[in-house]
Structure formats: structure tokens, C-alpha cells
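Heads up: the structure comes next, in C-alpha cells.
Any read-out appearing in this document is the output of simple, stated calculations on the displayed coordinates, not a laboratory observation. Values in this document were obtained by computation on a predicted structure and should not be read as measured data. Note that we place each Cβ from the backbone using ideal geometry, even for glycine, and neighbour counts take in every protein chain shown.
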Amino acid sequence: MKQEVPEIFLKPYDSKEHEEKLYQMWEASGFFNPDICVEKGVTKPDAEAFSIIMPPPNANGRLHAGHGTDMTLKDIMTRFHRMQGKKTLFLPGSDHAGFETQGVFEKKLQKEGRSRFGMDREELYQEIWDFVQENKGAMESDLRALGVSCDWSRNTFTLDPEIVTKVQETFVKMYEDGLIYRGRRSIHWNPKFQTSLSDIETMFEDRKTPFYYFKYGPFTIGTVRPETKFSDKYVVVHPNDKRYVEYEHMQELEVEWINGPIKATVIKDEAADMEKGSGAMTITPWHSAVDFELAQKYNLPMEQIIDWNGKLLPVAGEFAGMNITVAREKIVEKLKEKGLLVEVDEDYVNAVRLCERTGVVVEPQVKDQWFVKMDSFAQSVLDQLASGETNILTTTHEKTLRHWMNNSQDWNISRQIVWGIRIPAWFRTIDGKEEMTASLTEPAGEGWMQDEDTFDTWFSSGQWPVLTLRYPDHQDFKTFYPTSVMETGADLVFKWVPRMMMFGKYLTGKAPFKTIYFHGMVLDKHGKKMSKSKGNVLSPIKLGEEFGTDATRMAFVVANPPGADMPLSEDKVRAYKKFANKIWNISRFTLDSVSDMSHDSEPSYSQRDTEILASLADNTKEITEDIEKFRLHLAAEKIYHYIWHELADKILEESKEVINGEDVAAKLARQHVLKECLVTSLKLLHPFMPYVTEAVWQELPKEIRDRDILMVAQWPKSSS
RNA sequence: GUCCGGUUAGCUCAGCUGGUAGAGCGCUACAUUGACAUUGUAGAGGUCACAAGUUCAAGUCUUGUACCGGACACCA
């Protein structure tokens, strides 16, 4: 009985016609959820687990090319393992992205002529919450458009009440375990956004800054920051510096300085670099991390010169109240008038520390903050790598991470912003004595005030695998922890990844993931960084609309090995759009060729038939292995190559003769072969190009498909 | 300064455990009522930076050279 080939195949594949419908079908089927897969019998109850956690995309923006790679790679692995019959969970979530979001929101306020200062804490929080909810919805619809097969029923937000409580509990536990301390230390201060930052939230930028040499008593000192020098009462020289042998350690001298004579003390310490300038420097402990350490070493007094807004304090005398950028020139002018300016190096290039998110110049300040002791945690991360409990696919990133862990600093986790999880610490002063404690609820007794600060965003996202799987009691935690793979951007190698490793091990005793897969950055077709200002940004959503999501996904994975940056061009995406259409036409041809085939008859294969099936099995084996071993870029290329240059170019071409020939037995055998090639190819390609393969699958006669939905069909066996 | 990379077709890049090289774009020719104009088919194009070594065999492993680049650190 001849079956008509569905009409839909008569025109080229139109992604727009299918994608949304198919996603809705998948979602409605419930098969994104591993529990439902078990319930409905597509996964065995005792099947092995495969789990992957979505790095929470920030809830303040849309999906960009980086996310495109990220989500595509994860979804490929998810779909593959699901088809292999594993209990497969891809768990979605989003991150409140503390300071970053508040920064974005404050810019919005600025545009509206408003400011967060003076706003009520609750009111501000609520406004940001609403702002984020909107963006969060947009982000989630972007993920759906990309065909991401994650389990939306488990969608988690870092500010869900349950998560907030868990994060606070971790703080209390760490406080009680002595892993967190309150310290008065030199921190990075963002004067515009009024918060402290951790090292990794800052970056350096080379700027041409005049380098001034001033006369300081008998010394010549060099500086790029005269505005901090008002109360510099200590001059440091190297103990071996022959120029200064006549001065002794702690010797006092009277020197003429900015606002008149002061008493200066000589410090001899190896921190002074004899090669640099005159070899003598004065120190400003409050506004320099290096100076701060020296001051601590010798127990020197510290004085704040610049206030929290970047203006000079009364210690600056006539310059008090001035913004430091304005004050600098005036101070230099005054020193020049006093004859204390020796020389100016106008070509000096200085590395200025900036806030990574906002570009604001960061001011070192001394402040009481919460710090995580990193020694034991850094060791824990190193141990996880050394023992092989966690394996990083790319050795170069493993080296980077090791290097970072061997040089880790204590981590400042307090932020002076409201958008985040409030630190559950309490302070009070009783009889002039300060007390503090950590507790989820207000401690007993009078006068306790909760810390106003919130956690650094990485403090919560660092616990993500543990939090999303509902440690410690939930069944998800028992089934899916440790997660199988952490696939994320290489830029997170020392931001997010080690924090998850330290928290995961600390809280559960087990590393949070077995394998770490880093992908690189998506660059433009010339290998340049994508940026809005250059106008070379490619949006995965727009590419999907123009060329189809399948084509976009293929472009993100082919020739994109772990760890390396990848240039992306529209041409590349367009090429895979052609491929989607090729699948469409192969399917049409095959369905037409097998339309009068008898499915229950036993074929008698020719030698060539056997060869074709053997080659199919070989390809299946290689592609399966490539995916299992995280060589997704090779698997994608192989399936592409097989379908186009073997199946279409050779097998289909040579089959025309057999199908149209007189030999009924040979025709029947070849029909079985073609059917097998099509079904297997669709399955192999499905993780990469889910839409077009599913669209074809839905048109296949029931006799030749093992499940109604390709997404949960059984992965082909590689041995024939 | 410390630590990492890279050098393969005109361009941008793949190439897993060593077996004389691949993709996309570009280029050339042919093909349009028989799966495919949202094109297809065929083809040209590479002493795999250089040198030495290991090996029966090196783009692939080792060492060195040259030239590019990245990350981190540094505000005297």
C-alpha cells in the first residue's frame, strides 16, 4: 500500500512554521522533567542519572552569543543522555546578580532623574524586584526559543525565599566554624555606587598619569596621587639603600609639607624598591592596600583622608571638601609654589584599578567587612583537582585555576547595596562593648541591629549546585548530586567555578561536579570581541529568527572545541540553514522511496546493503563516543559530514536505481536500509538540531519510529 | 613582573588515542520539470612558522628558535 508523502515536504523547510509548536509539544509532554520520563515509562526507574545545572543567567538582560554557546552545548548533552535512557535533569535558574543588577537599575534611575540615595530600603528593593521580574521573563522566553530542554518545573531564582534562607544558614555555619571573620581591612571602594568590591570585581586600566617627585625633608618621594599625601608622616626606605644610611629606623625628622611642617618618621623596610624613583616613599595606609600592610606591620596610626564620596576630609585643610580629581592639580600647584616640587614625569603610565561593572575608579578605603578565610578552601579546590574527583577537560584552565588557588586572598563578601541577600549578622553595643553574632533570627536580648549589608553575589551563586538540588534532604539532591558536568564560560574559571567547588565540598563533603567543560568566548568573524559599541554583536535570538534555531545551534558547536574562543559569522549560520533544508529533502526522498514498503517482511540484504548498514553503525559509534567524551564539536561535524556527503551524495544517489528497478527483493532490502539510515540520522542529529529532526519525526509513519516524540526516542545502538 | 596560549587553504578556524590534511565563506566550471534554487555536483588552492630529535611513520610527541596573542598582578 503506497503512502503519500506528507504535503509539508513539498516546500523548503521553514523553521518559523515549526519551532514554537514543537517546543510547546515538548514542554506539554512533560519529558523535560526526569520524574515524568520515569512515570511515563521512557526512562527506567533505576536508570543512571545525568544532571547539569544551568549557570544562572543574570536576570537583568537578554540572551547574548555567549549564552548561545553555553545553552547549546548543555542542551546537546542533555538531549543525548535523555535519549540514552538516563534520568536526565537540566535544571534552569537565574541569578539576581547583586551589584551588576543594581548598577543597571541605578543607571535607569539616573535617566529618570532619580537616585537610590534617599530611597527607602524596602522601596528600592521592590522596584528592582519588579524590574528584574520583567527581564527574567524575557530571558526565559529566549531560552525556550533556543530549544533548551530544561525542566522548568524546577526553575530556581537566587532570591527565592528558600534559597535566601539556605544561603544565610551557610553564613551562620561558616561563622560558627571560624571560616568567616569581621575584619577592618583595606578594601576596594566604589565611591559612586557606595559599596566595597572584591578583587575579582575590579580590573586594571593603563592610564597616562603624571608622576610627581616632591621634596619631603631630605628625601625625594614619588607619587601619582598627591591628593592622598596630607597626613603622610612615615617615609619608607630600603634597609640596604646606601643613599639613606645616615637615617635610622624610626628616626624622627621635621619636614615642611603641604599644609606646613610635620613630624616625619623614617621606616626601614624591604617593601621600598630601591630601583624605583628615589627609593623613598611615604605611605598612606588608609588609601593603599600595600601601605595598609606596612602600617599594620609597624602598628602605625591610620587616618582617612578621602571620604566615602571621593572628597577630601578636614585633614586637607584649605582643600577640604574638594573632589580628589580637582584637588590634585591644586595641591601640586601649592607644593610647586612652596618649592617642594622637584620633577614631573608626564609620560608615566599608571595601572588604575576600576570597578569591572561600572568603570568607576576604585578608591582603597579601610572598612569593617566580612571576610571568608580562603586558605582551607583554596586547598579544598586543589585537592578536588589533584584527586581527580573533579576533572577539567582543558589542562590550560586547570593550570590557571591551580595558579589562582595558590595565590588566593581572603574574600570580602559584604556589599553595601540592598539588592541581594541580607547578611544575617547582628551587632549591639552594651556598656561601650561591641558585640556581634550570626543568626537567622534576631538574637535574644536588647538592642540588636542587623547588618545592613548584603552578600557578594558569588556567595550565593557559589552554592548553586547545592541550593538548586535542595541540599540536604530533597530527593533531587540524592539523585542528581554531584552533577555530571559543569559547562560554563572560561571567564568564570576563577570567579564562579572554584567557589562552587569550595562550597560544594564544604557543605556536602563531595565535589559539586565530576567534569568541568569550559567554552571560550564567541568572537566576531574577524576574531574580535563582540561589543555594542563596535556594532558587531550577533544575537542568538535574531540569528534563530533569520536562519532557524537549528542552524544557529550548529554554528555554535561546530569547530568550537572546549576551551578555545570561536569566531562566529552569519555565513556560518547560513550554511547550516542549508543543512536543515538538506535534511528536509533527504526525508522527503526517503519517505517517497519507502512509501510502498512492507514493514513486516524480512529483507535479504545485498553486500552493498550490509556495507551501508555497517558504515552507519561505525558512524553511530564514533559520534556516540565523541559526545560521551565531550568532543561535541567533532560529533557535530561528523554527523553533518555523514548525512550530506555519504547519505545524500552517495547512498541516496545510488539507491535511485535500486528503488526504481525490477528486482523486488533488492528494492525491499534497500528500502529497509534507507529507512534505517534516515531514522538513525535523525536520532544522531537530534541533540544538535532538535527542531528540524523532530519536525520530520512527526511526519514519519508510526511503523518506523520507536517513540512518538523523537526527543525521547532511543539512541541508536552502535553495534549492528 | 608571573602564568598560559597560538603559528594548518585567499579569510576565519577544526583536526580526538601519531598512519602523508578538513569545514564555512571566497574562487573556477558545469547543472534548472524527478529529493534539494533557501540550490546541487565537480574542481583549483596547503613543503601544516622554522630547526633538531624520538619513531617503520610526526600537523599530531620532545627540545630549541622566531613571530603573534591572552590572563593575572602592579596606582612609587
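Listing for the model above:
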item	result
The stretch A:593-644 and the stretch A:373-448: distance between their alpha carbon centers, rounded to Å	51 Å
Rg followed by Dmax, in Å, when the stretch A:340-388 is reduced to its Cα trace	19.9, 61
Candidates per trypsin sites (Lys or Arg not before Pro) in the stretch A:624-656, loop by DSSP, up to 12 other Cβ within 10 Å	A:Lys629
Peptides A:364-372, A:479-487 ordered by average Cβ neighbours within 10 Å, highest first	A:479-487, A:364-372
Degrees between helix A:161-176 axis and first principal axis of chain A (Cα, 0 to 90, nearest 10)	50 degrees
Principal-axis tilt of helix A:497-508 within chain A, Cα atoms, nearest 10 degrees	90 degrees
Relative packing of A:172-181, A:414-423, A:576-585, A:40-49, which averages over residues the other C-beta atoms within 10 Å, highest first	A:414-423, A:576-585, A:172-181, A:40-49
Spatial separation of Cα centroids for the stretch A:23-52 and the stretch A:558-578, in angstrom	30 Å
Within straight-line cross-link reach of A:Lys638, aspartates and glutamates at Cα separation under 17 Å, skipping those fewer than 8 residues along the same chain	A:Asp550, A:Asp618, A:Glu622, A:Glu625, A:Asp626, A:Glu628, A:Glu646, A:Asp649
Whether the stretch A:396-469 is rounded, prolate or oblate, judged on the alpha carbon gyration tensor where a/c under 1.5 counts as rounded	prolate
Nearest-ten-degree value, helix A:664-685 long axis tilted from longest Cα axis of chain A	10 degrees
Magnitude of the charge dipole, chain A, Cβ model with Lys/Arg +1 and Asp/Glu -1, debye to 20	580 debye
Residue order, fewest to most surrounding Cβ atoms within 10 angstrom, among A:Trp286, A:Trp152	A:Trp152, A:Trp286
Two-decimal log10 I(q)/I(0) for the stretch A:439-488, as the Debye equation yields it once each C-alpha is a single scatterer, q = 0.30 Å⁻¹	-1.12
q = 0.14, 0.18, 0.20 Å⁻¹, the stretch A:25-134: log10 I(q)/I(0) [Debye, one scatterer per Cα]	-0.71, -0.89, -1.00
Two-site FRET efficiency, A:Leu253 against A:Asp368, from Cβ-Cβ distance with R₀ of 25 Å, rounded to 0.05	0.15
Separation between Cα centres of the stretch A:102-153 and the stretch A:222-257, rounded to whole Å	51 Å
The stretch A:106-188 shape via C-alpha gyration tensor axes, a/c threshold 1.5	oblate
Pairwise label distance in nanometres, A:Thr437 with A:Ser387, each label 7 Å out on the Cα-Cβ vector	3.5 nm
Environment charge of A:Pro314, counting only residues whose C-beta is closer than 15 Å and scoring Lys/Arg +1, Asp/Glu -1	-3
Kirkwood Rh and Cα Rg combined as Rg over Rh, evaluated for the stretch A:406-563	1.11
Other-chain or far-sequence residues with amide H under 5 Å of A:Val342's (modelled H)	A:Tyr213, A:Phe214, A:Lys215
Contour minus Cα-Cα distance for A:Met25 and A:Thr325 (0.36 nm per residue)	102.0 nm
Percent RCO, i.e. relative contact order, over the stretch A:533-600, from Cα pairs under 8 Å lying at least 6 residues apart	29 percent
Stokes-Einstein translational diffusion, the stretch A:274-416 - Kirkwood Rh over all Cα pairs, 1.002 mPa s, 20 °C, in µm²/s	111 µm²/s
Potential lengthening between A:Asn585 and A:Glu176 on full extension [0.36 nm per residue; Cα-Cα distance subtracted]	140.7 nm
Anisotropy class of the stretch A:480-611 from Cα gyration tensor, a/c 1.5 cut	oblate
Fraction of antiparallel bridges per DSSP, chain A only, in percent to nearest 5	70 percent
Hydrodynamic radius of chain A per Kirkwood, over alpha carbon pairs, in Å	29.5 Å
Residue order, fewest to most beta carbons within 10 Å, for A:Leu89, A:Leu700	A:Leu700, A:Leu89
Fully extended contour minus Cα-Cα distance, from A:Asn299 to A:Val344, at 0.36 nm per residue	13.0 nm
Rg/Rh for the stretch A:188-240, where both radii come from Cα atoms and Rh is the Kirkwood radius	1.07
Per-pair calculated FRET efficiency, R0 = 22 Å: A:Ala289 and A:Gln126 via Cβ, rounded to 0.05	0.05
Kirkwood estimate for the stretch A:640-720, i.e. one over the average of 1/r between Cα atoms, Å	13.6 Å
Packing-based order for A:61-69, A:403-411, using average beta carbon neighbours within 10 Å, highest first	A:61-69, A:403-411
Fewest-first ranking of A:Val104, A:Val522, using other Cβ atoms within 10 Å as the exposure measure	A:Val104, A:Val522
Relative contact order of chain A, defined on C-alpha pairs under 8 angstrom at six or more residues apart (%)	17 percent
